[in-house]
Structures are given as C-alpha cells and as structure tokens.
Amino acid sequence: MANYQIDFFDRDDRPVARMNLKGTHMEIAERLASLDNGLLRVEVRKEP
C-alpha cells in the first residue's frame, strides 16, 4: 500500500480540497470514480 495526495480543482481551476489516502492504486481509482461532485480536475500524486 502507498500514500496518495489528491487535489481537487473547480471549474475555474481553483483548488477546493486535498485528501491524503492510503491504499493500492486500484483502491484509489475506485474511490475517485465513485465521486460525483462536479469538479473539473483531480490531481493524484503518489507520495514517496
């Protein structure tokens, strides 16, 4: 398992939230796919 930092941006490209999650890349992808929040962009970074 790895730690991931996830940043969420609105339609004007403003940062609106940050989450830190621990899991496999598939678990993180499933969690992100389940969101229905109208955000335009999501950035995911694996932390060292």
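No value in this document is a laboratory result; all are computed from the given coordinates. Everything numeric here is computed off the predicted structure, so don't read it as measured data. All Cβ positions, even for glycine, are placed from backbone atoms using ideal geometry, and neighbour counts span all protein chains on display.
Working note: 222 nm ellipticity from helices only, DSSP H runs with n ≥ 4, each -39,500 (n - 2.57), summed and divided by the residues of the chain, gives -5500 deg cm²/dmol to the nearest 500. Normalised by the number of residues in the range 2-46, the mean separation of alpha-carbon contacts (under 8 Å, six or more apart) gives a relative contact order of 52 percent. Ala2 sits among other residues whose Cβ lies under 12 Å from its own Cβ, and their net charge, with Lys and Arg +1 and Asp and Glu -1, is +1. Hey, what D do you get for the chain in µm²/s if you plug the Kirkwood alpha-carbon radius into Stokes-Einstein at 25 °C and 0.890 mPa s? After rounding, the answer is 221 µm²/s. Here the spin labels are modelled as points 7 Å beyond Cα on the Cα-Cβ line, and at Ala33 and Lys46 they lie 1.9 nm apart.
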